[in-house]
Structure formats: C-alpha cells, structure tokens
Amino acid sequence: MTKNLVLALSGGVGGAKLALGLSHIVAPENLLIVANTGDDFEHLGLSISPDIDTLTYALANLDNQTLGWGRRDETWSFMETLATLGGPAWFRLGDRDLALHVQRTLRLKAGETLAAITADLTARLGIAARILPMSNDPVRTRVDTNEGILDFQDYFVGRQCQPEVKSLHFAGAEAARPHPDFRAALASPSLRAVIICPSNPFISVEPILALPGIRTALAACEAPVIAVSPIIGGRAVKGPTAKMMTELGLTPSAAAVAARYADFLDGYIIDHQDAAEAAGLTPRTILAATLMTTLEHKIALAQTALDLADSL
Ligand code: FO1
C-alpha cells in the first residue's frame, strides 16, 4: 500500500498559506485539508465559516492578501448601505464574499451538511484538493476574558483581541462528531503524513483536537505528525497568538507551542531565528524559513514538511 494521503489541519491565515503550498505539491486526490469551524458564527442571519473561507479563497487564488481574509477585488456597497441603514458594520462582508455566505446559509437551511456544501462550492471555484470541515456539528470557540465570556468573533474582530484572555473553551466540541472522512484519514493505511499548519494553536488547532477521539487518534497514528511553528522569534506572524500565550501564562515561543502537541507530535519545523530552542525539543526538530510571503515560500515550506515526514 503506497502511503500517499496527506492530511493537513488548518485554520486562519497561516494555515491557508501552507495548505496552498501543499496543494502545489500533493496530487489533489491525495490532499485532505481539515478546516477549523470553531470561528464559525451566525451574523446578519448568515452562517459564516471564516476558516473554511480563508482556505477556499487561498486555494482558489481569490484571497485578499492585504486583509488576510475575504476576497480580493472586493467592493463594499452592501456594507456601506447597511451602515447608513443603522445595521451592524463591525464584521465586514464584501459584496462578492456575501454571495458565498448567502448561498451557504440557504443550503444549510435546506438541510445540506456543511461538508457537502463546502465540497460543491470549492469545486465551483475550481479547487481540486478537498477542504473538509472538521465536523458537521456546531463547535463555537468562546473566549473567557477580563471583560467576561465573548463569542470568538466578538473578541477577535469586535474587540480586536484587546481583552485579556483567561481561558478558551469550545462549546459543543464534546458532543460534535469529527467528520467520518477525517476519522478515516487518521486511521488510513495509506496516510503519508499529518501536517499541522502554522495556525494559532488555541483558536485554530485546539478546536479540532478537542473533538472526541482526535487527540487519541493522532497519538495512535502510524503516519508521522508534523507541525510548523506559528511563532517566530517570540512573535506571531499575524494575530493574537503571542498575546494569548502570555495572557494564558505561557512563554510565546516555538517550544511552548510544541508542548501543546507533545502527546502526538513526531516532527517540528521552527524558524532559523529560533535555532536556540531546537536542542530542548523532543520531536525531531528542523529549521526552515517559516515566514511565507510568496508562493515559492509556501511551496518550499510544504516540501520541507513532507520531507521531514518521509524521513521519520
Ligand atoms: N477579520 C477582521 O479582523 N475584521 C473583519 O471585518 C473580518 C470580516 C470577515 C469576513 C468574512 C470572513 O470569512 C472572515 C472575516 N474576518 C475578519 C476574519 C475572521 O475574523 C477570522 O475568524 C480570522 O481570520 C481568524 O481565523
């Protein structure tokens, strides 16, 4: 049995960059990208799945590289008009992006699963690799802060990550069923590697790990589990990872992220800047250029991750 299936766990902007790199190397029928849905929420009566959409736009080459979310070449007539009508304008939905949320909402209301809808919409956008929601059941990240418990998007966008994080929990995770194809991939004899993309461990990766049986399945996984550090030089490339780690009493370092995955991590990729940390790490650790600003960087890092997996 040739081991050719690559399973990537992704959320947010960093995850989508590495997923894009992998999509240029791994044949689409062998690439399964599991997307975090803990960021999902209902807004303006719409079901919004930001991490699925960030992945979708990145793989469709439609992503807004300035904002890091939403579509490029966007117009904002809907938002401008909504604001003049006194509607909530804090969560910005571009006119083209809006069509995706409307269509997803209509199809969910018609009884389709998030996975089925995602498969059809990504195909319509010309994406061959498979983007799979971690579950069809609702999981909602809640952030317990010094200002009380906030829904994720209220914290992340509404409050721009200012409140001090005391803890996170993933409402619904214990009752949610991992998508069966996700479970099957983890147990598949043709699994070549599991790649944990450089996403925020707390808001993008741990909702996935919080699903019943996933941590156990990763620890039991025959294939190597590789992670790319989302922290470079003590700082996150984008977003609140470092601030969150400090507020949670952790040192914002590549080593501290690896410790979150200690029970299943086989290989770890950290940036050259963090070479000094490599010695103390238990998983096989290698250095690479982990800041991905060009497509070439994304492809190179994806290749490095697969090479590390194949070497273990
Ligand atoms: N992030 C923001 O900081 N401000 C926004 O107005 C915003 C709108 C938005 C609309 C659609 C979408 O898919 C994502 C959007 N994001 C926005 C990002 C979103 O908050 C994600 O949860 C983050 O990318 C973290 O994963």
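In segment 189-232, how many are polar (S, T, N, Q), surrounded by fewer than 20 Cβ atoms within 10 Å (Cβ to Cβ) and assigned to a helix (DSSP H, G or I)? Don't jump to the end; show me each part of the working.
Residues of segment 189-232 polar (S, T, N, Q): 190, 199-200, 204, 216, 229.
If we keep only those that are surrounded by fewer than 20 Cβ atoms within 10 Å (Cβ to Cβ) too, we end up with 190, 216.
This time we only want the ones that are assigned to a helix (DSSP H, G or I), so: 216.
Summing the residues that are polar (S, T, N, Q), surrounded by fewer than 20 Cβ atoms within 10 Å (Cβ to Cβ) and assigned to a helix (DSSP H, G or I) in segment 189-232 gives 1.
Return only the number of the condition from (1) near the ligand (Cβ under 9 Å from one of its atoms); (2) surrounded by fewer than 18 Cβ atoms within 10 Å (Cβ to Cβ); (3) touching a residue at least 24 places away in the same chain (Cβ under 8 Å) that residue 1 does not satisfy.
(1)
Sort through 264, 182, 202 and tell me the only one that's within 16 Å of the ligand (Cβ to nearest atom) and not hydroxyl-bearing (Ser, Thr, Tyr).
Working: 264 fails: within 16 Å of the ligand (Cβ to nearest atom); 182 fails: within 16 Å of the ligand (Cβ to nearest atom).
Matching residue, one of 264, 182, 202: 202.
Check off (1) farther than 28 Å from residue 310 by Cα; (2) touching a Ser or Thr at 6+ places or on another chain (Cβ under 8 Å); (3) among the hydrophobic types (A, V, I, L, M, F, W, C) for residue 91 and give me the number that stays unchecked.
Here residue 91 meets the rest and fails (2).
For segment 149-174, which positions are of a type in the set (Phe, Trp, Tyr) and either without any contact (Cβ under 8 Å) to a residue 60 or more places away in the chain or surrounded by fewer than 17 Cβ atoms within 10 Å (Cβ to Cβ) (or both)?
Quick first cut of segment 149-174, residues of a type in the set (Phe, Trp, Tyr) only: 152, 155-156, 170.
If the condition is that a residue be of a type in the set (Phe, Trp, Tyr) and either without any contact (Cβ under 8 Å) to a residue 60 or more places away in the chain or surrounded by fewer than 17 Cβ atoms within 10 Å (Cβ to Cβ) (or both), then 155 is the only one that fits.
Residues that are within 19 Å of the chain's Cα centre (by Cα): find the helices (runs of 4 or more DSSP H) completely inside segment 233-312 holding 3 or more of those. Quick ask: steps written out before the conclusion?
On the way: elements: 241-247, 254-260, 275-278, 295-311.
By residue number, 241-247, 254-260, 295-311.
Given the residues 177, 104, which is the only one that is surrounded by 20 or more Cβ atoms within 10 Å (Cβ to Cβ), basic (Lys, Arg), out of contact with any Pro (no Cβ under 7 Å at 6 or more places or on another chain) and closer than 30 Å to residue 213 by Cβ?
Values: 177 fails: surrounded by 20 or more Cβ atoms within 10 Å (Cβ to Cβ).
Step by step, each of 177, 104 is checked, and only 104 is surrounded by 20 or more Cβ atoms within 10 Å (Cβ to Cβ), basic (Lys, Arg), out of contact with any Pro (no Cβ under 7 Å at 6 or more places or on another chain) and closer than 30 Å to residue 213 by Cβ.
Take segment 20-55 and flag every residue that is surrounded by fewer than 23 Cβ atoms within 10 Å (Cβ to Cβ), within 11 Å of the ligand (Cβ to nearest atom) and β-branched (Val, Ile, Thr).
48
None of the figures in this text is laboratory data; all of them are computed from the coordinates on show. Not measured: the values here are computed from a predicted model. Backbone-built Cβ (ideal geometry, glycine too); neighbour counts: all protein chains shown.
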